[in-house]
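Undergrad: Pasting a structure here, questions to come.
Please treat every number below as a calculation from the coordinates, not as lab data. These numbers come from a predicted model, not from an experiment. Neighbour counts run over all protein chains shown; Cβ positions are idealised from the backbone, glycine included.
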Amino acid sequence: MDADALKAACLALTGAVETFPFNLETSVFKVGGKVFALSALDADPLSVSLKCEPELAERLRAQHPAITAGYHLNKRHWNTVLLDGSVADAMVRDMIEDSYDLVVSSLTREQRRTLGQV
């Protein structure tokens, strides 16, 4: 997955927006004002940090060397995925969607209704 595909996958989700709260190099993808993905899209190698259920996060790290504890994030709830081709694009897209779903589930009922999620 390249930077354009990563950005497209994040922004394809309902209500997702790209912001730059830290610096102009780090894309922060949010829904309902909450972060579900972070990536320096110009970085080489490219990586993305995604929210994850803690037990699944540990299993993924054990199974894939390219998946590590979230860089500068809560290591229990975030994984960083090195997009070096060793993790299938479909799996990365699934992880993006899972991260998005976790964040959406924490939104208020009204925010979820606005997103068509209630």
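Undergrad: Classify the range 33-85 from the C-alpha gyration tensor, please: rounded if a/c falls under 1.5, else prolate or oblate depending on whether a/b exceeds b/c.
TA: Values: a/c = 2.30, a/b = 1.15, b/c = 2.01.
It is oblate, given that a/c is not under 1.5 and a/b is not larger than b/c.
Undergrad: Loop only by DSSP, 13 or fewer other Cβ within 10 Å of the Cβ. Give me the chymotrypsin sites (Phe, Trp or Tyr not before Pro) in the range 3-46 that pass, ordered by residue number.
TA: The qualifying sites are 22.
Undergrad: Rg (Å, one decimal) plus Dmax (Å, integer) for the alpha carbons of the chain?
TA: Cα-based Rg and Dmax for the chain come out at 13.5, 39 Å.
Undergrad: Moving on to the next point. Quick one: if you stick a label point 7 Å off each Cα along the C-beta vector at residue 110 and residue 91, how many nm between them?
TA: Distance between label points: 4.1 nm.
Undergrad: Cα centroids of the range 51-118 and the range 1-36: how far apart, whole angstrom?
TA: Here the two parts' Cα centres lie 13 Å apart.
Undergrad: Write down the Kirkwood hydrodynamic radius of the range 71-115, to one decimal in angstroms, obtained as one divided by the mean of 1/r over all alpha carbon pairs.
TA: Answer for the range 71-115: a Kirkwood hydrodynamic radius of 12.3 Å.
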